[in-house]
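What follows is a single structure, written as structure tokens, with notes after it.
The values are calculated or read from the model by the stated rules, or taken from the named source; none is laboratory data. Because the structure is a prediction, the values reported are computed rather than measured. As a convention, Cβ positions derive from the backbone with ideal geometry for all residues, glycine included, and neighbour counts pool all protein chains shown.
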Amino acid sequence: MGTAGRLLVKKPLTTRRLRIAFLTLGLLLFSCTQARNTAAGPNPSVVAQSASPASSSPDLSPAPSPPPKFDSSRAFQYVKEIVAFGPRPIGSQNHRKVEDYILSHLKQDSVEEDAFTIETTEGNFPVRNLLAKFPGTEDGIIVIASHYDTNYPLRDTSYVGANDGASSSALLLEIANQLRGPRREGYSVWLLWDDAEESMRLPWFDPESLYGVRHLAQKWQADGTIKHIKAFLLEDMIGDADLEIERETNSTPWLEQMIYQAATGLGYQSHFFARTSQIEDDHIPFVERGVPSADLIDFDYGYNNVFWHTPQDTVDKLSPKSLEIVGTVTLATVQKLDHK
Ligand code: 1BN
Ligand code: ZN
């Protein structure tokens, strides 16, 4: 028992003594509260309440989501493993092996395949889109896509598309690792490794490209799925160590804005939207059908994009950090979409 307690018990209190006793008690209580707050770190709810003593209603806004996790070393290892198969143009043995490689990482997941044959000026080819579905509690779907094929016209070179095709496919495999587990709070996320994106001719020839996504967009329009897609997020050429994601003008402006906000929240905004381009990529069939879509692409790969579609598109130009930046910004965008 302290001095104030003894005082209270032993002597009848005068008004002055009473005042001193209450003052001492008040000071003691105040210093105890201060000590607790310092030791445990600031308690946001306490800080918020004392900052606005006049407000009577409690703060009911949702707690901020934790920053997304992404294992960049593991993702980078996936890039190396995909590249190690060699060139993977449609119709090749390596292409088939990469499909099996992707599927081997999705054994615990709900996986669907969309397989069909295309007729091109170069002949007929089997095409296979691979889809892993991660269900959510809300009615709606967010699609995150990457192509995994390499350029057919470069099939007889050493071209392995480390950045163009491998980096984004690896990114999706790591996103799958992060999504696996209990049903997510929010929209369902569908990861799509789409096929036959690359043009059958060089330079780029629109009518003979984007086969996988064109087929899937048609199919999802016919069966009504398209109405449930809240956003289509495309990843392409996202591994460049000198990462500069374009503001892509076929993309949906509010979705690009949301991506920029997500990047800013993670401190990565300097890698986004310093440059603007218009690119005919895998998001186009979805843009045409009114699905909010964004192409996350760095189309400045080496000085003046000099490594694009050349055998110089190799792993040494890439960095795990770039995968982490795009991976976490993508996942933070998904969190923002959940709350939109
Ligand atoms: C991206 C990577 N693309 C192909 N490989 C799409 C593209 C098409 C980019 C035309 C620029 C022009
Ligand atoms: Zn390409």
**OP:** Name the one entry in L210, L243 that is surrounded by fewer than 24 Cβ atoms within 10 Å (Cβ to Cβ), within 16 Å of ligand 2 (Cβ to nearest atom) and modelled with pLDDT of 95 or more.
**Re:** L210
Original post:
How many residues does the range 272-308 contain that are in a strand (DSSP E or B) and either within 16 Å of ligand 2 (Cβ to nearest atom) or within 24 Å of R214 (Cβ to Cβ) (or both)?
Top reply: 6
Subject >> Within the range 218-236, tally of residues that are assigned to a helix (DSSP H, G or I), without any contact (Cβ under 8 Å) to a residue 24 or more places away in the chain and among the charged types (D, E, K, R) >> reply: 1
Subject >> Selected residue (criterion: farthest from the chain's Cα centre (by Cα)) from residues of the range 288-316 that are surrounded by fewer than 20 Cβ atoms within 10 Å (Cβ to Cβ), among the β-branched types (V, I, T) and over 24 Å from F205 (Cβ atoms) >> reply: T314
Original post:
Tell me, which residue of the range 137-156 that is more than 23 Å from D295 (Cα to Cα) and not hydrophobic (A, V, I, L, M, F, W, C) is nearest to ligand 1 (Cβ to nearest atom)?
Top reply: P153
**OP:** Scan Y159, Y78 and give me the residue that is within 16 Å of ligand 1 (Cβ to nearest atom) and in contact (Cβ under 8 Å) with a residue 60 or more places away in the chain.
**Re:** Y159
Original post:
Which of (1) surrounded by fewer than 18 Cβ atoms within 10 Å (Cβ to Cβ); (2) at pLDDT 65 or above does Y78 not meet, given it meets every other one?
Top reply: (1)
Original post:
H215 passes all but one of (1) assigned to a loop (DSSP other than H, G, I, E, B); (2) more than 16 Å from ligand 2 (Cβ to nearest atom); which number fails?
Top reply: (1)
Original post:
So which residues in the range 173-216 are more than 16 Å from ligand 1 (Cβ to nearest atom) and β-branched (V, I, T)?
Top reply: I175, V189
Original post:
Of all residues in the range 259-270, which are surrounded by fewer than 20 Cβ atoms within 10 Å (Cβ to Cβ) and in a helix (DSSP H, G or I)?
Top reply: Y260, Q261, T264, G265, Q269, S270
